[in-house]
Structure formats: structure tokens, C-alpha cells
Amino acid sequence: MIEVQNIDKSFADLQILHDISTVFEKGKVNLIIGQSGQGKSVLAKCMVGLHEVDTGHVIYDGKDFTSMNRNERSLIRQQIGMLFQGSALFDSMNVEENVGFPLTMFTNKSSAEIKKRVDFCLERVNLTGKNKLLPSECSGGMQKRIGIARAISMNPKYLFCDEPNSGLDPKTAILIDGLIQDITKEYNMTTVVITHDMNSVIEIGENVIFIYEGKKWWQGDKKSIITTENPEITDFVYASEFMKEIRQNIRNTRT
Amino acid sequence: MWRRVISELEIIGVSSLFIVGLMSLFMGGVIALNTAYQLTTPLLPDYTVGYITQQSTFLEFSPTVMSLILAGKVGSNIASEIGTMRVTEQIDALEIMGVNSLNYLVLPKIIAAMLFFPILIICSMALSLIGGWLALQVSGLINTEVYVMGIRSFFDPFHITYALIKAVCFAFLIVSVSSYYGYYVRGGSLDVGKASTQAIVTSSVVILMSNFILTKLLLF
Ligand SMILES: Nc1ncnc2c1ncn2[C@@H]1O[C@H](COP(=O)(O)OP(=O)(O)OP(=O)(O)O)[C@@H](O)[C@H]1O
Ligand SMILES: [Mg+2]
């Protein structure tokens with residue numbers, strides 16, 4: 001479980017996050033949704049300490065991450081897996097070295113054991129046998145999936161995915177959503193997924209947080225997001241004219 | 001860690017051997033020719049050419065000029081590599097895994113450079129003297145024995161130590177200055193390019209200034 005308490009974050013004079021408090025539950029896929037540029041990635045980076053918060057606390061299973069020193073943070077971070085919006089693969093390493101990197105850094109596993117774990121992770125993201133490719137030789141969607149494989153290679157307690165399925169075809173996107181959901185349940189992880197893909201929301205959203213203008217605008221589950229009357233949310237959920245029409249039709253038939 | 005140092009040795013050091021060698025050959029040739037050209041007075045013996053080539057090579061040209069060249073090659077390389085890692089969030093990815101990114105990225109480079117720069121400088125000295133000899137042979141100005149005699153006369157082993165001390169200091173400066181510019185770059189690929197230019201300019205200035213200080217400290 002990750003608790004976020006009253007986070008504020010500004011860059012220079014521009015305040016991005018305003019007093020955000022919420023709880024990301026264990027064993028669930030927690031979604032952060034919202035339009036582009038509203039501060040979703042900044043929120044995630046504040047939670048893992050890549051940006052220092054101005055005020056507020058982030059608490060990992062009762063431990064206050066914000067007040068920790070570098071070494072204590074490093075211990076928590078070894079239990080965090082993160083997929084970055086731009087994948088952030090190490091471009092001097094091939095796929096196998098990328099995925100196995102945290103294992104070589106932090107475990108005493110033999111190279112055979114590491115290889116086994118890497119193959120297992122690659123299999124889970126449907127990339128069996130791509131071990132020797134360089135990131136530059138992979139497509140954007142493949143890079144995303146390699147990033148996920150790397151994020152889960154250490155069996156993290158906390159998993160952050162910044163737009164895991166942007167740039168993927170619908171079928172692979174569903175596969176990735178399913179994978180994230182499965183491993184969350186399997187290992188009882190606290191998973192935080194940032195997305196603007198409504199399909200994912202419907203598919204895996206158990207706890208959905210809607211960020212608007214840097215504030216937590218709304219929180220609920222996937223059922224209530226469809227029915228809520230909050231105008232900013234309906235604007236987000238039913239973004240296209242076509243969807244708006246469908247919504248209107250449904251409402252008309254109801255009344 | 002040591003695996004990283006070895007791969008950095010290759011990137012920073014071995015790949016610079018060729019350019020350092022080539023430049024040193026020509027540099028030595030030019031020093032020898034220039035000296036010979038200016039030695040018009042019969043009062044000075046011919047072996048002075050060898051002596052002066054040796055002195056200028058050992059004291060300044062090999063350690064300082066080569067370091068300036070390496071500041072261009074190695075410095076821009078390091079700044080753009082680390083800078084790219086910064087703007088593509090690779091450094092964030094390291095941090096998030098609990099890796100101390102600054103140590104992980106910069107330390108092996110500093111160690112590798114401080115180990116390999118002296119080797120490069122020694123190669124440069126040897127090749128510069130050979131370059132001088134070749135130039136004199138081609139132009140038929142002074143014969144081999146006289147040149148070698150000039151090199152060996154007044155030879156002071158401390159000059160080698162002096163050059164190597166400089167090389168090690170400059171290695172440290174080049175790598176730390178360029179890593180600094182790369183590590184703290186903000187923005188996109190355009191800013192990485194700017195950082196790498198800045199890295200070259202600053203490390204060159206720092207080299208020349210510390211060269212002055214070192215020369216003063218070590219020779220007087
Ligand atoms: N390092 C930074 N320095 C200054 N401003 C920043 C920085 N990072 C983000 N911002 C600003 O914070 C705001 C929110 O950015 P953020 O990346 O969190 O958006 P987002 O919600 O993730 O959008 P998207 O869905 O497009 O990824 C943007 O206006 C951005 O300009
Ligand atoms: Mg984002």
C-alpha cells in the first residue's frame with residue numbers, strides 16, 4: 001500500500017500538483033488517469049523520489065519515504081519496478097542485459113540463473129528469443145514491453161507503469177493490461193498505472209484516480225466512472241463526438 | 001565495477017591511440033623543423049635540435065597539447081553519452097533501481113582515464129620524437145646520431161614524472177568537467193549538444209589554467 005498525503009509540487013513558479021492525497025491499494029491495479037500535461041507523470045515521479053515534493057508525504061507500507069536519506073531510499077527502491085513513459089532502456093546494453101540489469105546489480109545470482117529469470121520475464125511480455133537485440137533495433141512497442149520486463153525482473157513489491165500501452169496495437173495493449181493485472185494479483189503487488197486509454201480503465205481499473213489541473217478531481221472504480229455526472233470526467237471518458245452521442249442515446253432510452 | 005572500468009578503458013583510451021599517435025608524429029616533425037630552421041648561428045651545435053625537440057615534447061606538447069585534443073574527443077564523448085542518458089530518463093531508471101547513478105556512471109570513467117592518459121602521453125612522447133627524426137631525415141638536415149645525441153643530452157627523468165603528473169591531473173579534470181555538464185543537462189537533444197560543446201570549452205580552459213599552476217609548482 002502506498003499512501004500519498006497532501007503533496008504539492010512546483011517547478012520554478014509554476015505549481016503542477018496541488019494538495020494531492022490518496023491511497024494506492026495493495027493487490028490492486030491503481031490507475032492514474034487524466035488529460036495530457038495535467039501532472040500524472042510528475043505525481044508518479046514525486047512518489048518514487050525522482051522529484052522532491054515541496055510539501056507532503058509519501059508512505060510505503062507505513063514507512064515515510066519522503067523523510068528517508070539516500071541509503072534508506074535505495075532499499076525501498078530496490079522493491080520498486082518502474083516503466084518510464086519513454087521506456088528509458090539503456091541503449092548501450094542489449095535486451096537481455098537490460099532486463100537482467102537489476103539482478104546483476106543487486107543479487108548474487110549466477111549468470112545462468114539470471115538468464116533463466118530474464119527469459120521468463122521476456123516470455124511474459126511475448127518477446128521470447130529477442131535477447132540479443134539492441135534497444136535501437138526494437139520498435140517502440142517492443143521497447144515498452146522490454147521496459148515492463150525490466151520493471152518486473154526483481155519481483156517488485158511496488159510497480160509503476162507510465163503509459164504501458166501507448167503506442168501499442170489494441171491486441172498487444174490488452175495483453176499488457178492483462179499481464180499487469182495478473183502479476184499484481186499473483187504477487188500481491190501495489191501497482192500504479194498511468195494511462196489515458198479508456199480501454200485499460202474499463203479492463204483493469206479497480207481504483208481510478210482522475211487528475212485534473214494538478215488536483216485529485218475524482219476517485220472511484222471503473223463502474224462509477226461510466227455513470228458519474230462530473231463534467232470534467234464525462235468530457236474525458238466520452239471525448240469524441242461519437243461517444244458523446246452514444247452516451248446521450250443511452251440516457252434517452254433510460255428516461 | 002572493474003568490468004565497467006575495462007570497457008571505459010577501451011572507449012576512452014584505446015580508441016584515442018590512433019589520433020594521439022598521428023598528431024604526435026606531425027607535431028614532433030614540426031617542432032624539429034622549426035628548431036632547425038631557426039638554428040642559423042654556427043655558435044650552437046647541431047644536436048640542439050634534438051635537445052629542444054625533446055624538451056618541448058616532454059614538458060609541454062605531449063602532456064598539455066595532447067590533453068587539449070583529448071578534451072575535445074573524450075570530453076564531448078562523455079558529455080553527450082551521459083547527457084543523452086539524462087534526457088532519455090536512463091539516469092532516472094538507474095536511480096529508481098536504487099543505483100547511485102553518479103558513482104556508477106562517472107567513477108569508472110575517471111579511473112579509466114587516470115590510468116590510461118599516462119600511457120597515451122608516453123606513446124605521444126615516443127612518436128613525437130620519431131616524428132622529429134623522420135622530418136629531419138626527409139629534409140636531410142641533421143643526421144640520426146646527432147639528433148639522438150641531442151635527445152639524450154641533459155635528459156632529466158623528472159621531466160617524465162612531471163609530464164605524467166600533468167597527464168593524470170588533466171585526465172581527472174576532463175572527465176569530471178564533462179561528466180558534470182552531461183549529468184546536469186536539462187531538456188532535449190539540443191541541450192545535449194550544447195552541453196557537450198560547453199564541456200570541451202570549459203575543460204580546455206581548466207586544463208590551460210591548471211597547466212600554468214602545475215608548471216609553477218613542479219618546476220620552480
Ligand atoms: N522537469 C520539469 N521541469 C519543469 N516543468 C515540468 C517538468 N516535468 C514536467 N513539467 C511540467 O509539468 C506539467 C505536467 O507534466 P506531466 O509530464 O506530469 O504530464 P502528464 O500528465 O504526464 O502528461 P502526458 O499524459 O502527456 O504524459 C507539464 O505542464 C510540464 O510542462
Ligand atoms: Mg506523462
* If contacts are Cα pairs under 8 angstrom and at least 6 residues apart, what is the relative contact order of the range B:29-126 in percent? -> 31
* Structure fact -> Scoring the range A:91-155 by relative contact order with C-alpha pairs under 8 Å, at least six apart, yields a percentage of 50
* Please say if the range B:2-219 is rounded, prolate or oblate, where rounded means a/c under 1.5 for a ≥ b ≥ c the square roots of the C-alpha gyration tensor eigenvalues, and otherwise the choice is prolate for a/b larger than b/c and oblate otherwise? => prolate
* Asked: Going by a ≥ b ≥ c, the root eigenvalues of the Cα gyration tensor, does chain A fall in the rounded group (a/c under 1.5), the prolate group (a/b larger than b/c) or the oblate group?
  -> oblate
* Could you tell me which helices of chain B pass both thresholds, a Cα extent of 18 Å or more along their own axis and a mean Kyte-Doolittle hydropathy of at least 0.0, with helices taken as whole DSSP H runs? => B:17-38, B:101-139, B:157-183, B:189-219
* Sites excluded, GluC sites (Glu not before Pro) in DSSP loops with at most 11 other C-beta within 10 Å, longest stretch of chain A -> A:53-228
* Structure fact -> About its Cα centre, the range A:91-155 carries a charge dipole, from +1 on Lys and Arg Cβ atoms and -1 on Asp and Glu Cβ atoms, whose size in debye to the nearest 20 is 180
* Using Cα positions and a limit of under 13 Å, work out the aspartates and glutamates in reach of residue A:144, with same-chain residues fewer than 8 apart set aside. => A:162, A:163, A:169, A:177
* Asked: Normalised by the residues of the range A:186-237, what does the relative contact order come to in percent, with Cα pairs under 8 Å and at least six apart?
  -> 25
* Rounded to the nearest 500 deg cm²/dmol, what is the calculated helix-only ellipticity per residue at 222 nm for the protein assembly as shown, with -39500 (n - 2.57) per DSSP H run of length n ≥ 4? -> -18500 deg cm²/dmol
* Structure fact -> Rounded to the nearest Å, the spacing of the alpha-carbon centers of the range A:116-192 and the range B:129-184 is 53
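Bear in mind these aren't lab numbers, they're just calculated from the coordinates by the rules spelled out. Predicted model, so just to flag it, every value in this text is computed and none were measured. For neighbour counting, all protein chains shown are included, and Cβ atoms are generated from backbone atoms with ideal geometry for every residue, glycine included.
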